[in-house]
Amino acid sequence: MLNKKTKMMRAVPTMAELAAQGKSPEILFWVGCAGSFDDRYKRVTVAFSEILLSLNIDFAVLGQEEACTGDPARRAGNEFLFQMQAMANIQVLNGYEVKKIVTACPHCFNTIKNEYPDLGGNYEVIHHTQFLQQLIDGGMLKVDGGEFKGKKITYHDSCYLGRANDVYEAPRELLKSLDADLVEMKRCRTNGLCCGAGGGQMFKDAEKGKKEINIERTEEALDTGAKVIASGCPFCMTMLSDGVKNKEKEGEVVVKDLAEIISESMK
Amino acid sequence: MIGLSQLVFLVIVITAGYFLTKRIKEIRRNILMGKPLDRSDKSSERLKSMILIAFGQKKMFKKPIPAFLHLLIYVGFLVINLEVLEFVIDGLTGEHRFFAPYLGDFYNVAMNFFEILALGVLISCIIFLIRRNVLKVERFTKPEMKGWPAMDGNLILIIEIVLMVVILKMNAADQVLQSRGVEGYYETGTLYISNVLIPIYQNFSSTLLITIERGAWWFHIVGILAFAVYVTYSKHLHIFLAFPNTYYSNLESKGKIANMDSVTNEVKLMLGMPAENGAAPEEVGRFGAKDATDLSWKSLMEAYSCTECGRCTAECPANQTGKLLSPRKVVMDTRDRIEEIGKGQGREKSLLGDYITNEEINACTSCNACTEACPVNIDPLSIILEMKRYVAMEESGSPASWNAMFANIETNFAPWKFAPTDRFNWADDVKQKD
């Protein structure tokens, strides 16, 4: 274990450190705000980093140089703030001559992939579930279903991965590689129901209604009988975890990110 | 020498043509009141999406039963229009069944095909009426459907039923007249669907039958022309607008929000970066949309293309959980408002405020379920986003917690209140590989 005080010895390299050594990594891991600050999602960031480190992937993070992509601001209507964030980030990314980015956040993924090009930021961007699938397909990452083998798992499509960017297969392929019993919810893939957090909803209370969206979605997930709800998005993670708690099922059902599931299944 | 009936027919066609042209010009003008948006690129990709989605009805088939019934009406509409062509030629030339002598036996095949389609349309329309009024399919009973929209939907179905019944009655009377060798009634051969109605007419005098046949002919053609004009005032306009609307649809990833270039120039100046082409910032009218004319012409075209099927609303997570937001209502409101502006009315009103409330737009999760669900690629999300932009940038009227989120991003570079220096602390928990 690393001593928290010896920050110089962090295992995860930063772009700045590598640049100082005249090196630039193959791929940048864009952590995102939730991955950096949210206690639950930090565990996903750690799990994913540990996979990358154990496979000797040539990667780095921006560390303190990373800033919000601006996604929630743009979707809440504040285009000024979005563009300020985007341009500042693009300056940093282009400064390091970043070519390829992997991120565990579908919102960051969508914004950097689809929206940064208009402002001068052109990168190959992939979601961490796609990256993990590529590693498995390429034979670099070997998994063993272990406790997940034959276990009922349902996958919740994040809107920003699914409908927004047509990524439906990679997360499911990961679960299949574990020989897990993938059970689909009634509304899945293009018809998937939102967790309720998109479009900046994560940062405000829901409007008046008869039900919370995350409860509606959690009920659907629980109806599948799955003991694991797999997700690939920090906001979905929060919404579904809250939903499971609300239904008092946290003793039986866990919400896990695919990076965590894969990390626990590595040979 | 032109007969009286030909003259009357000509006058009717010209009158219908006049009202139709006037209305089409009006709609075109209203749509063009929207803001510019360039959708002139990628013509082959656009053509493909039009062929698949409008012509091929690809997205309808997410719900197979209504898709099949709708397909019957759609094919019926397309094909029976060929018969309308004959109606028009007959009306102008004073002939009866103009194509019959030229097509020979094939005329019988074509007529039987039309009759089968007419029956298909008839049955589909009846089932649709039952779905709307007896089974009360949920998406047809939402609040925005009360009153005129529900009436409009029913009227269209009833008109189509009446038109189909009349065409079958006409053919039945025609066949009896043919069997009696009445002059001018060409032998069409047996028409199997209308044949069923023949017993009703068997004992009628030939004069009465000619009156019935001619009456049905006039009713059908005048009915169709009147319907064509009616369509332009109703939700049924999708039968034409579905084509340009899918052609000009958004081809980018659904998740991408289009960049506001007017903002880019200002932000670049603020950051001390050279603006595009070194140009001075252009005069910006208004950020986002307060009224229908602040939306792009495409959003306005979409408003006219909407047939109020409500699939967007049925899929909307906010609507499903009882929030006020209904994407269909947003689109319907946009059409109502641009119509009002087009008439020069309601100058003191605006789309946001008088039609659509902040509570509605604030409930959107931007999940794209509505855009995915729409069979003709309408994008209610972009209307909602433009309004959010207006509220955020022109009024600073976003919900307080969003304003706090904005402030956090500005000061901490994260939407939550965390110190930016703590951003990399997660790495302390990463285990060093052995």
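The values are calculated or read from the model by the stated rules, or taken from the named source; none is laboratory data. Because the structure is a prediction, the values reported are computed rather than measured. Note: ideal-geometry Cβ built from the backbone for every residue, glycine included; neighbour counts use all protein chains shown. Side chains are part of the model used for accessible areas, which takes the heavy atoms of the whole protein and leaves out ligands, DNA and RNA. Shrake-Rupley method; radii C 1.70, N 1.55, O 1.52, S 1.80 Å.
Pick out the one residue from A:256, A:208 that is in contact with a helix residue (DSSP H, G or I) (Cβ under 9 Å, 6 or more places away or on another chain) and part of a loop (DSSP other than H, G, I, E, B).
On the way: A:256 fails: part of a loop (DSSP other than H, G, I, E, B).
Exactly one residue qualifies, and that residue is A:208.
Only one of (1) more than 23 Å from residue A:205 (Cα to Cα); (2) more than 9 Å from chain A (Cβ to nearest Cβ) fails for residue B:429. Which number is that?
(2)
Return yes or no: is residue A:185 more than 10 Å from chain B (Cβ to nearest Cβ), among the hydrophobic types (A, V, I, L, M, F, W, C), part of a loop (DSSP other than H, G, I, E, B) and under 28 Å from residue B:61 (Cβ atoms)?
Values: more than 10 Å from chain B (Cβ to nearest Cβ): yes; among the hydrophobic types (A, V, I, L, M, F, W, C): yes; part of a loop (DSSP other than H, G, I, E, B): yes; under 28 Å from residue B:61 (Cβ atoms): yes.
Yes: the conditions hold for residue A:185.
Residue A:175 fails exactly one of the following numbered conditions: (1) more than 8 Å from chain B (Cβ to nearest Cβ); (2) out of contact with any Lys or Arg (no Cβ under 7 Å at 6 or more places or on another chain); (3) open to solvent by 10 Å² or more (accessible area, probe 1.4 Å). What is the number of that condition?
Of the numbered conditions (1) more than 8 Å from chain B (Cβ to nearest Cβ); (2) out of contact with any Lys or Arg (no Cβ under 7 Å at 6 or more places or on another chain); (3) open to solvent by 10 Å² or more (accessible area, probe 1.4 Å), the odd one out for residue A:175 is (3).
Which condition number in (1) facing chain B (nearest Cβ under 10 Å); (2) surrounded by fewer than 22 Cβ atoms within 10 Å (Cβ to Cβ); (3) among the hydroxyl-bearing types (Ser, Thr, Tyr) is the one that residue A:24 fails?
(1)
Whether any residue in the stretch A:236-252 is away from every other protein chain (no Cβ under 14 Å), open to solvent by less than 20 Å² (accessible area, probe 1.4 Å) and touching a residue at least 12 places away in the same chain (Cβ under 8 Å) is what I want to check.
Yes, that holds for at least one residue.
Cβ-Cβ under 6 Å, sequence separation 6+ or interchain: first residue in the stretch B:169-197 and under 14 Å from residue B:107 (Cα atoms), partner not in a helix (DSSP H, G or I). Which pairs?
B:171/B:191; B:186/B:97
Identify the single condition in (1) more than 8 Å from chain B (Cβ to nearest Cβ); (2) assigned to a helix (DSSP H, G or I); (3) surrounded by fewer than 24 Cβ atoms within 10 Å (Cβ to Cβ) that residue A:109 does not satisfy, given that it satisfies every other one.
(3)
Just to check your reading of the model, which residue among B:389, B:335, B:423 is in contact (Cβ under 8 Å) with a residue 12 or more places away in the chain and at the interface with chain A (Cβ under 9 Å from one of its Cβ atoms)?
On the way: B:335 fails: at the interface with chain A (Cβ under 9 Å from one of its Cβ atoms); B:423 fails: in contact (Cβ under 8 Å) with a residue 12 or more places away in the chain.
Residue meeting the stated conditions: B:389.
When only residues in the stretch B:293-334 that are of a type in the set (S, T, N, Q) and crowded, with 24+ Cβ neighbours inside 10 Å count, which is nearest to the chain's Cα centre (by Cα)? Explain how you work it out, then say what you get.
Initially, the stretch B:293-334 is screened for residues of a type in the set (S, T, N, Q), giving B:293, B:296, B:299, B:305, B:307, B:313, B:319-321, B:326, B:334.
Subset that is crowded, with 24+ Cβ neighbours inside 10 Å: B:299, B:305, B:313, B:319, B:326, B:334.
Working: B:299: 12, B:305: 3, B:313: 15, B:319: 21, B:326: 17, B:334: 13 Å.
Per the stated criteria, the residue is B:305.
Within the stretch B:23-71, which residues are among the hydrophobic types (A, V, I, L, M, F, W, C), open to solvent by 40 Å² or more (accessible area, probe 1.4 Å) and out of contact with any strand residue (DSSP E or B) (no Cβ under 9 Å at 6 or more places or on another chain)? If you could, list the steps in order and put the result at the bottom.
Our first condition is that a residue be among the hydrophobic types (A, V, I, L, M, F, W, C); within the stretch B:23-71, this holds for B:24, B:27, B:31-33, B:37, B:47, B:50-55, B:60-61, B:65, B:67-69, B:71.
Imposing the further condition that a residue be open to solvent by 40 Å² or more (accessible area, probe 1.4 Å) reduces the set to B:24, B:32-33, B:37, B:47, B:50-52, B:55, B:61, B:65, B:68, B:71.
Correct list: B:24, B:32, B:33, B:47, B:50, B:51, B:52, B:55, B:61, B:65, B:68, B:71.
With the stretch B:83-180 as the region, which helices (runs of 4 or more DSSP H) entirely inside it contain at least 1 residues that are within 33 Å of the chain's Cα centre (by Cα) and either closer than 17 Å to residue B:70 by Cβ or in the same structural domain as residue B:330 (by TED's automatic domain parsing) (or both)?
Details: elements: B:100-103, B:105-133, B:148-179.
Those helices (runs of 4 or more DSSP H) span B:105-133, B:148-179.
Are any residues in the stretch A:147-169 part of a helix (DSSP H, G or I) and open to solvent by less than 10 Å² (accessible area, probe 1.4 Å), and if so, which ones?
Of all residues in the stretch A:147-169, those part of a helix (DSSP H, G or I) come to A:147-148, A:169.
If the condition is that a residue be part of a helix (DSSP H, G or I) and open to solvent by less than 10 Å² (accessible area, probe 1.4 Å), then A:148 is the only one that fits.
Go through (1) within 11 Å of chain B (Cβ to nearest Cβ); (2) in contact with a Phe, Trp or Tyr (Cβ under 6 Å, 6 or more places away or on another chain) for residue A:104 and report which single condition fails.
If we test residue A:104 against (1) within 11 Å of chain B (Cβ to nearest Cβ); (2) in contact with a Phe, Trp or Tyr (Cβ under 6 Å, 6 or more places away or on another chain), just (1) comes out false.
Being hydroxyl-bearing (Ser, Thr, Tyr) and either open to solvent by 60 Å² or more (accessible area, probe 1.4 Å) or touching a residue at least 60 places away in the same chain (Cβ under 8 Å) (or both) is the filter here, so list the residues in the stretch B:87-133 that pass it. Please lay out each step first, then the result.
First pass over the stretch B:87-133, keeping only residues hydroxyl-bearing (Ser, Thr, Tyr): B:93, B:102, B:107, B:124.
Across the stretch B:87-133, the qualifying residues are B:93, B:102, B:107.
Does the stretch B:238-249 contain at least one residue that is under 21 Å from residue B:113 (Cα atoms) and free of Cβ contacts under 8 Å to residues at least 12 places away in the same chain? Outline the logic, then answer.
Residues of the stretch B:238-249 that are under 21 Å from residue B:113 (Cα atoms), as a first pass: none.
The answer is no, given that none of the residues of the stretch B:238-249 is under 21 Å from residue B:113 (Cα atoms) and free of Cβ contacts under 8 Å to residues at least 12 places away in the same chain.
In the stretch B:400-420, which residues are at the interface with chain A (Cβ under 8 Å from one of its Cβ atoms), crowded, with 19+ Cβ neighbours inside 10 Å and not small (Gly, Ala, Ser)?
Within the stretch B:400-420, B:402, B:405, B:406, B:409, B:413, B:415 qualify.
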